[in-house]
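Please treat every number below as a calculation from the coordinates, not as lab data. All figures in this text were calculated on a predicted structure; none of them were measured in a lab. Because the Cβ atoms are built from the backbone with ideal geometry, glycine has one as well, and the counts that use them run over all protein chains shown.
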Amino acid sequence: MQIFLDSTDTKVIADLASTGLVDGVTTNPTLIAKAGRPMLEVIAEICDLVPGPISAEVAATTADAMIAEGQKLAGIAPNVVVKIPLTRDGLIACAAFANEGISTNVTLCFSPTQALLAAKAGATFVSPFIGRLDDYGFDGMDLIRDIRTIYDNFGYETEILAASVRNVAHVKDAAIVGADVVTIPPAVFGDLFKHPLTDKGLDQFLKDWAGTGQSIL
Ligand code: G3P
């Protein structure tokens, strides 16, 4: 499974990318607002930091304007993925980008039929929002399962990019149900490798090794 960071904090992205475990980055208008910097500058910097897919979201709501904005965003760097909302106009723009060979990430997906249409429109990625469904008492993972079934039934190549991830359990469950990608806040990334028994076990290994008086080098 690919792991993307959901962030525009370039310092944090650079730090976590140094692990070699970051496969891409997703952004959205809210994250761009948090960056407090010009969007095109932030996206260009992230594209230099991480060679994988970098999602940059349009702000327009009509197909023609989305296409114009997306073409500009795609021109920033070869690894830019144009992010578009899952609306009627967004699906029209998605199909236009697919015809131009521009990669797309269709976002704000909350139902299986929305995901079905994103695949039919030629989306590279579709972003079902797990956490926001959970917030309303639904099981966001059910959506991932349904999309996986639909895409496998018809051989759609659109990749399921699990988004709105809030914790390690979301990452685990998304991997089990077969999401292709998970995009996670930096804080969740840090939690993925932490376990108290690992720390406890290493402490004991180091104490026992120290007692041998040996050195390996
Ligand atoms: O990529 C989508 C993600 O940023 C949304 O997360 O926590 O605002 O639902 P959240």
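Annotations for the structure displayed:
- The listed residues are Ala63, Ala59, Ala44, and the only one of them that is of a type outside the set (Val, Ile, Thr), more than 22 Å from Leu192 (Cα to Cα) and in contact with a Pro (Cβ under 7 Å, 6 or more places away or on another chain) turns out to be Ala59.
- Top-ranked residue of region 138-187 - restricted to ones that are of a type in the set (D, E, K, R) and assigned to a helix (DSSP H, G or I), ranked as surrounded by the fewest Cβ atoms within 10 Å (Cβ to Cβ): Asp152
- Of the helices (runs of 4 or more DSSP H) lying entirely inside region 31-137, those containing at least 2 residues that are closer than 29 Å to Val12 by Cα and free of Cβ contacts under 8 Å to residues at least 40 places away in the same chain span 39-49, 63-74, 130-135.
- Number of positions in region 28-59 that are within 16 Å of the ligand (Cβ to nearest atom), aliphatic (A, V, I, L, M) and surrounded by 14 or more Cβ atoms within 10 Å (Cβ to Cβ): 11
- Condition broken by Gly131, with the remaining ones in (1) under 25 Å from Ile43 (Cα atoms); (2) away from the ligand (no atom under 15 Å from the Cβ) satisfied: (2)
- For first residues located in region 154-169 and within 16 Å of the ligand (Cβ to nearest atom), partners that are small (Gly, Ala, Ser) and lie 6+ apart or on another chain with Cβ distances below 6 Å form the pairs Ile160/Ala179; Leu161/Ser127; Ala162/Ala174; Ala162/Ala179; Ala163/Ser127; Ser164/Gly131; Arg166/Gly131.
- Val12, sole failed condition from (1) farther than 17 Å from Phe125 by Cβ; (2) more than 15 Å from the ligand (Cβ to nearest atom): (2)
- Being touching an Asp or Glu at 6+ places or on another chain (Cβ under 7 Å) and of a type in the set (Gly, Ala, Ser) holds for only one residue in Gly24, Gly52, Gly20, and it is Gly52.
- The conditions of being closer than 22 Å to Ala74 by Cα, more than 17 Å from the chain's Cα centre (by Cα), more than 16 Å from the ligand (Cβ to nearest atom) and buried (at least 19 other Cβ atoms within 10 Å of the Cβ) are not met by Ala98.
- Annotation note: of Asp146, Asp199, Asp208, the sole residue that is within 27 Å of Leu21 (Cβ to Cβ) and more than 16 Å from the ligand (Cβ to nearest atom) is Asp199.
- Taken together, the residues in region 4-27 that are surrounded by fewer than 20 Cβ atoms within 10 Å (Cβ to Cβ) and outside any helix (DSSP H, G or I) amount to 6.
- From the options Leu86, Leu73, Leu16, Leu31, residue that is of a type outside the set (Ser, Thr, Tyr) and more than 21 Å from Leu108 (Cα to Cα): Leu16
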